[in-house]
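Note sheet for the following structure.
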Amino acid sequence: MKKRILVVDDEEQIQRILRRNLVTRGYEVVVASDGEDALDQAAEKEPDVVVLDLVMPRIDGLEFTRRFREWSKAPIIVLSAIGEERAKVQALDLGADDYVTKPFGLEELLARIRSALRRSALAACEAHSGPTFQAGDLHIDFHRRVVTLCGEDVRLTPTEYELLKFMVTNANRVLTHNMLLKAVWGNRHGAEPEYLRVFVSQLRRKLRDDSSSPRYILTEPSVGYRFRAE
């Protein structure tokens, strides 16, 4: 079946470009020009992915994300202009999965859509396949809390394990500093990204993940991290 993409943007030129190119590549496309219409379309059409502009009339992208996440887990890819850094991070904290900065390259957006669809398929598969995770040479048995790399045990502290677990269960999704701090440390953290960077650095070292050319843990500058499971 064709995957359905909901494009939410009030610029007609972007609507036309995205609709034409997505349809050419075999997707079904639904278009909305404002947040209110987008919520109605999403409820009726049940899209597999939402491509969402942040600045829109009636209901903006942040409010759309908040309401949409009350009843749908479909991936949201945010379109944000340069200078909308704070709004972009807010959208991710509210449940958006990824972002592309305007002006964007079409191939980059298409790659993000494919990645979002793979993540959804992976999550659905893992829900029925038992408590394990595999990505390249990395294997995690959640039931036994055992992490192996190339068949060798990786010794992690409890905090390192919880951080890795949250990352891999949200693989290929952008995770903000705030999301990671709250998920792992709860209200005990001081909202300090530097605190998080120390543990990410330790994880990378133990996973033999070169920070200059990472295989698993990617840095999203000024935003957070993404665990790559492809």
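Taken together, the values in this text are just the output of simple stated rules run on the coordinates, not laboratory data. All values reported here derive from a predicted model rather than from experimental measurement. Heads up, the Cβs are rebuilt from the backbone with ideal geometry, glycines too, and the neighbour counts pull from every protein chain shown.
Some observations on this one:
- Cα long-axis angle, helix 193-206 against the chain (0 to 90 degrees, to the nearest 10): 60
- Dipole magnitude (debye, nearest 20) for the range 1-112, charges at Cβ of Lys, Arg, Asp, Glu: 420
- Compactness of the range 130-227 is given as radius of gyration and Dmax, 12.8, 37 Å, from Cα positions.
- Axis angle, to the nearest 10 degrees, between helix 12-24 and the longest C-alpha principal axis of the chain: 70 degrees.
- Among (1) 12.1; (2) 14.6; (3) 13.3, the entry derived from the coordinates for mean projected area of the Cα convex hull in nm²: (3)
- Charged side chains reduced to their Cβ positions (Lys and Arg at +1, Asp and Glu at -1) give the range 82-230 a dipole of some 140 debye around its Cα centre.
- Qualifying lysines (Cα of each under 26 Å from Cα of Lys182; at least 8 residues distant if same chain): Lys73, Lys88, Lys165, Lys206
- Between Arg69 and Gln202, the contour length at 0.36 nm per residue exceeds the Cα-Cα span by 44.6 nm.
- Shape of the range 4-119, Cα gyration tensor, a/c cut at 1.5: rounded
- Net lengthening on full extension, Glu194/Arg86 (0.36 nm per residue, minus Cα-Cα): 37.0 nm
- Pair Arg145, Val23: separation of 7 Å Cα→Cβ label points (nm): 5.4
- Interchain or long-range residues, amide H under 5 Å from Arg215's placed H: Asp210
- Centroid-to-centroid, using Cα positions, the range 149-225 and the range 1-74 are 31 Å apart.
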